[in-house]
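K.L.:
Please find one structure pasted underneath; my questions will follow.
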Amino acid sequence: MELPIDSWLYVTDEVAGCGVCTALAREVNGALKEGRHRSAFDASQEIRNHPAHGNPLASTAHMKAAT
């Protein structure tokens, strides 16, 4: 049984002019076209948690992941 995918999982809030956001948005679109839903979700989540977007929790998590 295949369950429907909630489209809100792939909603992105990319910042205009941000190269990282642009690349990740392309990744989301490409992954969805190929049916790679997990990859699309991961890329959209990365856009939402992009440290430059002012999310202090994302900035902290990003720093912890680097150590």
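K.L.:
Are any residues in segment 17-33 out of contact with any helix residue (DSSP H, G or I) (no Cβ under 6 Å at 6 or more places or on another chain) and either at pLDDT below 80 or surrounded by 11 or more Cβ atoms within 10 Å (Cβ to Cβ) (or both), and if so, which ones?
P.N.:
Selection gives 18, 20, 22, 23, 25, 26, 29, 30.
K.L.:
Then there's this: Could you tell me whether residue 9 is assigned to a helix (DSSP H, G or I), modelled with pLDDT of 90 or more, touching a helix residue (DSSP H, G or I) at 6+ places or on another chain (Cβ under 7 Å) and not small (Gly, Ala, Ser)?
P.N.:
No; evaluated as a whole, the condition is false for this residue.
The values are calculated or read from the model by the stated rules, or taken from the named source; none is laboratory data. Quantities reported herein were computed from a predicted structural model and do not represent experimental measurements. Note that we place each Cβ from the backbone using ideal geometry, even for glycine, and neighbour counts take in every protein chain shown.
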